[in-house]
1. What do you reckon, is residue 105 β-branched (Val, Ile, Thr), more than 16 Å from residue 162 (Cβ to Cβ), outside any helix (DSSP H, G or I) and at pLDDT below 90?
2. Check region 51-63 and report whether any residue there is closer than 22 Å to residue 165 by Cβ, part of a strand (DSSP E or B), modelled with pLDDT under 90 and more than 10 Å from the chain's Cα centre (by Cα).
3. Among the numbered criteria (1) on the phi > 0 side of the Ramachandran plot; (2) at pLDDT below 75, which single criterion is violated by residue 93?
4. Run residue 152 past the list (1) in a strand (DSSP E or B); (2) of a type in the set (Asp, Glu); (3) at pLDDT 90 or above and report the number of the one that doesn't hold.
5. Tell me, which residue of region 1-46 that is part of a loop (DSSP other than H, G, I, E, B) and under 18 Å from residue 168 (Cβ atoms) is modelled with the highest pLDDT?
Amino acid sequence: MVTEVPNDDTRDVTASDAFSRILESIKSAQTVSQLKLTEVEAPKKLARFSVAIDGVLEPNLATGKFIVMFDPKGDHELENDIRVIAFFEADYELEKILEKKTSNTLIGRFENQLELVGAKNITGNVSCSYDRHFGNSPESLLDPLDGITTSEVSVRISWSTDDTNLLDDLIAWEKMIHFTVGIDYPVRSTLSAI
């Protein structure tokens, strides 16, 4: 759901036009077969204009959100006029989580993907975690992998851009999700229902 914070200043016709271009670029995205995108309520207090998209990679491989905040007058102290905030969570192989280089590998891949689309001021974090349950016997604590039931990775990343065409930014986020869950990014085919 698109959010526009009211402003008494009538000089913002060009800002509305620019945000319309942002929306058009996002809505021009074509669906990726297993990735379902849905427009949801956007943050209201962080920027004059904002839009939010939920993404679910079926069958429940990952969930995430892609948020665009546009504040052309700098009223809300964004680093640039356009700031993208994206995050997702996905089940992840335990063996990879236990490798200390996993988060560095993911961060490097994400930064590279975003630099290819002209992103600036890239910040974020990658969290790898697992849940471990144990039984009544002390022997269950001897095997470090015994009782681990889930393992996942959470990624939060944000960046700035000067370009109102955010289709490549949205595709970069989609590619990050696909890479993390270990499946190839498919060819885009039919128009999205965003």
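The values are calculated or read from the model by the stated rules, or taken from the named source; none is laboratory data. These figures come from a predicted structure and were not determined experimentally. Cβ: placed from backbone, ideal geometry, glycine included. Neighbour counts: every protein chain shown.
1. On the way: β-branched (Val, Ile, Thr): yes; more than 16 Å from residue 162 (Cβ to Cβ): yes; outside any helix (DSSP H, G or I): no; at pLDDT below 90: yes.
For residue 105, the condition - β-branched (Val, Ile, Thr), more than 16 Å from residue 162 (Cβ to Cβ), outside any helix (DSSP H, G or I) and at pLDDT below 90 - is not met.
2. no
3. Of (1) on the phi > 0 side of the Ramachandran plot; (2) at pLDDT below 75, only one is false for residue 93: (1).
4. That leaves (3) as the condition not met.
5. Keep residues of region 1-46 that are part of a loop (DSSP other than H, G, I, E, B), which gives 1-2, 5-9, 28-29, 31, 33-34, 41-46.
Next, only the ones that are under 18 Å from residue 168 (Cβ atoms) stay: 28-29, 31.
Numbers: 28: 82, 29: 76, 31: 67.
Residue satisfying both the conditions and the ranking: 28.
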